[in-house]
1. Quick check on segment A:160-179. Is at least one of its residues part of a loop (DSSP other than H, G, I, E, B) and farther than 29 Å from residue A:52 by Cβ?
2. From the list B:95, B:52, exactly one residue is closer than 17 Å to residue B:224 by Cβ and surrounded by fewer than 24 Cβ atoms within 10 Å (Cβ to Cβ). Which is it?
3. Please go through segment D:1-39 and give me each residue that is more than 7 Å from every other protein chain (Cβ to nearest Cβ) and either closer than 19 Å to residue C:235 by Cα or not in a strand (DSSP E or B) (or both), ordered by number.
4. Out of the residues in segment C:98-112 that are away from chain A (no Cβ under 14 Å) and touching a helix residue (DSSP H, G or I) at 6+ places or on another chain (Cβ under 6 Å), state the one that is farthest from residue C:231 (Cα to Cα).
5. Could you tell me whether segment C:235-244 includes any residue that is under 20 Å from residue C:156 (Cβ atoms), under 25 Å from the mean Cα position of the chain (by Cα) and in contact (Cβ under 8 Å) with a residue 40 or more places away in the chain?
6. Limited to segment A:40-52, what total is found for residues that are under 22 Å from residue A:166 (Cβ atoms) and outside any loop (DSSP other than H, G, I, E, B)?
7. Which number in (1) over 16 Å from the mean Cα position of the chain (by Cα); (2) facing chain C (nearest Cβ under 7 Å); (3) surrounded by 17 or more Cβ atoms within 10 Å (Cβ to Cβ) marks the one condition that residue D:47 misses?
8. If only one of D:182, D:240 is surrounded by fewer than 21 Cβ atoms within 10 Å (Cβ to Cβ) and closer than 30 Å to residue B:103 by Cβ, which one is it?
């Protein structure tokens, strides 16, 4: 077994009393960059423009929490009920972001890129969208990034598209996803149920337009979901008896009533 | 085995096409709250003031990454080198935030609260600080939140204290920690080495002043560290051969050179 | 940061074409030691006697599976339903062995050792048992290793005690646990419900008699439960639709009917 | 969201004071089945024959531990050094069994099954083996189940083949793997280095002959490796300072010297 040569990292350099993240002093970043902007810098290597930073913060907010029924939340709560440390609940919740739960982001990014390949080969936006959807129909699959158990119109996807437009960040992946949305809608009889673009699809298209690698598209979702996993694990420990059997259906919401953000926030 | 009664959650309510986090529509939060502000809302139940939101974003930025040598980074990279999904690297990294690595935040919060108890019983700030430090010396322990392998002055702690002061968020926990810092400094001969306040101590004092539960103090650290775990796992997969033996010492930094934030960011 | 000195391991030595576990050639162990005996060797450093090996295999069998309702099984199934790799289900299940679920073994080992301390100080077996139980009553706690949600007499505990007796491996920890059982039984009016010795208590007493470290007592439980976590994760993927909401109560057993081991196995 | 219908499990039935695993009383299994036999029953649904049980125990012993350098061991030790609970080290180690580390078992099972498909279509054993190896060469890949960083002849693989022969359990997967071994050997000039059958390949062939599902082939490896992960995490905590930087290369073995099993074990 020979000794490996030295290896390299380009993320963070550490010296006594000095921490540089992608070259920027970490303490200087604090208070001047939002966490979303700082995370973008670390993952992508360069500071985001103000519009990009705002978009990335919005993506992180979009999947903050989705209630008690997702498998990730249930995995986190089942670990919490055993008295394990909170970080163990978080790790179990992260493990539950499998291909069917969050992993759709990567699948949708690849799906969109295959459509862009069709366009490079001469198909129009609409043709590429229809080719993709016809392929999904032939494979008897729902296109990645479409459909939701509960929502017929996913409010998070709509808001991401609106922001991409307003911030002038809409790119070819978002435009193709919107075209696929049209094509899916025109064939809803074949799918047998409405298939709205979901938040995974919208995150996929926007992060692809921002140039994220496939696996980083999923990673963004992990960051976004962490506060939710933490909040559920903490609530489980604070409000419920230990070692209970957690039924995902027999619960009620007893939190704050619907309210609006104050004007200064808008 | 009897059927449990219904159970309650106060975090998020889900209805068709409507997601309310602590009562606020999630899509309305997107683009109007930073991720830090949204995470604060979810964890604490109410919107932060602008100053609080800025402080919380800075806390999240403070522990974004600390290079390749922490055990959490090494756990994540060792999983990444086996070709496992990125989320598995993240989960393994989260598991490495044990009592000696991040867990110091909770210990320091408890330490400070025991000092505040002394003050409620009549001791002055300085007396309480000295009582705590004398207790640590008798127990032959470093006070939680003090000391660093590399830094003699932790730039992240200094920045958090400065921001707390400027944003008028400095409370009794921060003041007590500063007094303990003085007491530790005056006894550095006993400890045998300089023991600066570290970033864990500063996060502990600030989040305690903000009213966070002990285990949420640690949880904040988990959120903060996630982009770093992701970036290292991703870099491992992109730049290194699979199944290598990862030596934490034989590495070099080959990233961006030291640079300053642009003026508009300040 | 100075380079650490070389470090040592006493478990396994690897050389080309030769693997020695605690000094024994691994290939020579195959077919000659059961997995239980081999695991005992690795954990404890020496080969078990035939009686010890049989006892250890029985301990491993005792917690093989406990159906679909334990939080560890539910954590594993919730990860499985997302399409994640099987190992991710296993990891999540392992994380659910918190202080209230498996961790009782370590608590019971410590409880028994504190009782043995009383005996060293002059108390009789019965006196030590009663002192321990009175302490639990004063602390308003169930003694660790006692009580079960479903069983009023845990058949696994009974079998472990019987085997310890027959194999002449019953030691002071088992004897003390039996005395505590008597003391608890005589005070069942105070506890308000029957509190049988459970399998965790029996494993604790037997492994303590065998000389296991506290944390290895819990570790034995992890090995024992692994096939169950695997079997449930695999069944979830084979028999259930993806992304279902797993209700721990609404299930039926449709497997093999009750049957007996063939005579040659007895 | 409609309520799901009731769901089924065929593994274990639980009733007060009665636990049936695949129909057999768990307490009756204790002391009468080895852990390997009991695990086989749970995973496969029926009791193994004595020969099968012995083979399965040997498979479990084969991967008990492989020293400090595998990524799984390093992930477990890096979590242990932070003071996290032992189960967290185990979970992190399990997560490191990615496609390049243990996952080779599943790849090799699929590889062998594609070869058996060729034989069903008329190719001889030797032809099928050569077709497979030629395919690997064209894809510029090492055949799954072949090659080892350290061993030029993997003693565990040799022992598994010998036992399969002696116990009359050698089936078509093992025979095909041996034929592939010949084909690989005859083309070692093309591969540029010796590529012995490794323990993953041998486990793959034997478990495939026993009828295991692909993902259960990997799962067997998880069970086998658990005592090793536990032993390393425990040793790390007992013998090393907390928060050390773990270098996989700078270690020495200071355990028992080479020794032989006593005669009665043979």
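1. First, pick out the residues of segment A:160-179 that are part of a loop (DSSP other than H, G, I, E, B): A:167-171.
Next cut, farther than 29 Å from residue A:52 by Cβ only: none.
No, segment A:160-179 has no match at all.
2. Details: B:95 fails: surrounded by fewer than 24 Cβ atoms within 10 Å (Cβ to Cβ).
Being closer than 17 Å to residue B:224 by Cβ and surrounded by fewer than 24 Cβ atoms within 10 Å (Cβ to Cβ) holds for just one of B:95, B:52, which is B:52.
3. Of everything in segment D:1-39, those that are more than 7 Å from every other protein chain (Cβ to nearest Cβ) and either closer than 19 Å to residue C:235 by Cα or not in a strand (DSSP E or B) (or both) turn out to be D:2, D:5, D:37.
4. Kept after step one, since they are away from chain A (no Cβ under 14 Å), are these residues of segment C:98-112: C:108-112.
Those left that are additionally touching a helix residue (DSSP H, G or I) at 6+ places or on another chain (Cβ under 6 Å): C:108-109, C:112.
Values: C:108: 28, C:109: 29, C:112: 34 Å.
Looking at the filtered set, the residue picked out is C:112.
5. Going residue by residue through segment C:235-244, those that are under 20 Å from residue C:156 (Cβ atoms) are none.
No, segment C:235-244 contains no residue that is under 20 Å from residue C:156 (Cβ atoms), under 25 Å from the mean Cα position of the chain (by Cα) and in contact (Cβ under 8 Å) with a residue 40 or more places away in the chain.
6. Final tally of qualifying residues: 5.
7. (2)
8. Details: D:182 fails: closer than 30 Å to residue B:103 by Cβ.
The conditions single out D:240.
The values are calculated or read from the model by the stated rules, or taken from the named source; none is laboratory data. Keep in mind that what you see is a predicted model, and the values were worked out from it rather than measured. Here Cβ is always computed from backbone atoms with ideal geometry, including for glycine, and neighbour counts include all displayed protein chains.
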